[in-house]
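Undergrad: Pasting a structure here, questions to come.
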Amino acid sequence: MSDVLSQSEIDNLLQALSSGDVDVEEMKKSGEAQVKNYDFSRPSKFSKEHLRTLEIIFEHYGRLLSTNLPVYLRKNISVEVMNSEAVTYMEFSNALSNPVLLGVVDFSPLTGSVIMEMAPKLGYAIVDRMLGGEGEPLDKTRDFSEIELVIIERIMTVCVELLREPWENVLDLHPRLERIETNSQFAQIISPSEMISIITINIKIGDVEGLMNICLPYITLEPVMDKLNTKFWYSNMQEKTDVSYSDSIEHLISKAAVPVRVVLGNSSVSVADFASLQVGDIVRLDSKVNQDLNVFVGDIKKFTALPGSSGKNYAVRVTSVIREEQSDE
């Protein structure tokens, strides 16, 4: 055994101690192991790196909410990510009050569900606004009616669909709102002792302010935990930026309508001749029949072409493309 000292090693150690070459206190300090408390009921499955990456994802999500929700609510909406933390699901559910708005979201292709908890006063404000009011919350909290839940479900469905874009750097997500629960006891999606991450978002609809908590269970995110780090996030985002942005811009530009005109020729006439022009009169142009015509895109000369017809329509056949450096000459 390597931990057992021989007699000669013991003699040398005692001699070193008696001579002062070895300090007993220093040996004690060097031999002390740093003990770190570990709570087996709350294993640290979410690192700070994971939580920070989730904050980045939901900061993007917040920008989408503030851009898209005003279309439905016709109110200025500001969204801010407040914080992220890792807790057990029991701590999250115990902090909920009744009534509560819990959207159970299927996080396909990942297994399991996540929960979107919306402050009741935001729900009342949404209902009031969707029914033509000013978007004011109720003075006294009460249960939501079936009609009110249908209205809130419509807005929550929009919120769930907006989750897809912020997660595209991690996986191709297809979230779907399964149901809305107003009693936390009917939203037990995982074991109470399971770890979850909670992203807290502050939403302000006009003058009404409330919180939205997104509950993300570890067992749901486990297959993509390796991708929830800032290094992977930024490198993947950079790769997509170079390609997807240029493709998107090209796709949008391709649908833009631009005026195209062909100049058959020019002619100079006097004001008297112009004033006396009649139907059937011939105006002589300065171009010949077999001469290339100039084709303008907007006000820029871009092509040359020969005139002709296509069916019953007049048409031109492009004969050359005028490059930018040629048009400047």
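Undergrad: Give the residues of the range 180-229 that are loosely packed, with under 13 Cβ neighbours inside 10 Å and farther than 14 Å from T88 by Cα, sorted by residue number.
TA: Selection gives N183, Q185, F186, D207, P223, D226.
Undergrad: If you don't mind, there's one more thing I want to ask. Does the range 287-310 contain any residue that is of a type in the set (G, A, S), touching a Gly at 6+ places or on another chain (Cβ under 7 Å) and modelled with pLDDT of 85 or more?
TA: Of the residues in the range 287-310, the ones of a type in the set (G, A, S) are 287, 298, 305, 308-310.
Those left that are additionally touching a Gly at 6+ places or on another chain (Cβ under 7 Å): 287.
Retained after the next criterion (residues that are modelled with pLDDT of 85 or more): none.
No, the range 287-310 contains no residue that is of a type in the set (G, A, S), touching a Gly at 6+ places or on another chain (Cβ under 7 Å) and modelled with pLDDT of 85 or more.
Undergrad: Criterion first (in contact with a Gly (Cβ under 9 Å, 6 or more places away or on another chain), over 22 Å from E55 (Cβ atoms), in the same structural domain as T67 (by TED's automatic domain parsing) and surrounded by 17 or more Cβ atoms within 10 Å (Cβ to Cβ)) does A119 satisfy it? Give the steps one after another, and end with the answer.
TA: On the way: in contact with a Gly (Cβ under 9 Å, 6 or more places away or on another chain): yes; over 22 Å from E55 (Cβ atoms): no; in the same structural domain as T67 (by TED's automatic domain parsing): yes; surrounded by 17 or more Cβ atoms within 10 Å (Cβ to Cβ): yes.
It is false that A119 is in contact with a Gly (Cβ under 9 Å, 6 or more places away or on another chain), over 22 Å from E55 (Cβ atoms), in the same structural domain as T67 (by TED's automatic domain parsing) and surrounded by 17 or more Cβ atoms within 10 Å (Cβ to Cβ).
Undergrad: Moving on to the next point. Given the range 171-217, what strands (runs of 3 or more DSSP E) lie entirely inside it while holding 3 or more residues that are within 20 Å of the chain's Cα centre (by Cα) and of a type in the set (V, I, T)?
TA: On the way: elements: 174-181, 195-205, 208-217.
Because the criterion is at least 3 residues that are within 20 Å of the chain's Cα centre (by Cα) and of a type in the set (V, I, T), the strands (runs of 3 or more DSSP E) in the range 171-217 that meet it are 195-205.
Undergrad: While we're here: Quickly run through the range 167-193 and pick out the residues that are hydroxyl-bearing (S, T, Y) and within 29 Å of Y124 (Cβ to Cβ).
TA: T182, S184
Undergrad: What's the number of the condition K29 fails, among (1) modelled with pLDDT under 60; (2) under 30 Å from E134 (Cβ atoms)?
TA: (2)
Undergrad: Considering only residues that are of a type in the set (S, T, N, Q) and in contact (Cβ under 8 Å) with a residue 24 or more places away in the chain, which ones fall in the range 143-169? Full working, then the answer.
TA: First pass over the range 143-169, keeping only residues of a type in the set (S, T, N, Q): 145, 157, 169.
Residue satisfying the conditions is N169 alone.
Undergrad: Further, regarding this structure: Would you check if E91 is free of Cβ contacts under 8 Å to residues at least 60 places away in the same chain and in the same structural domain as A125 (by TED's automatic domain parsing)?
TA: So E91 fits the description; yes.
The values are calculated or read from the model by the stated rules, or taken from the named source; none is laboratory data. Values in this document were obtained by computation on a predicted structure and should not be read as measured data. Here the Cβ is made from the backbone with ideal geometry for all residues, glycine too, and neighbour counts use every protein chain on show.
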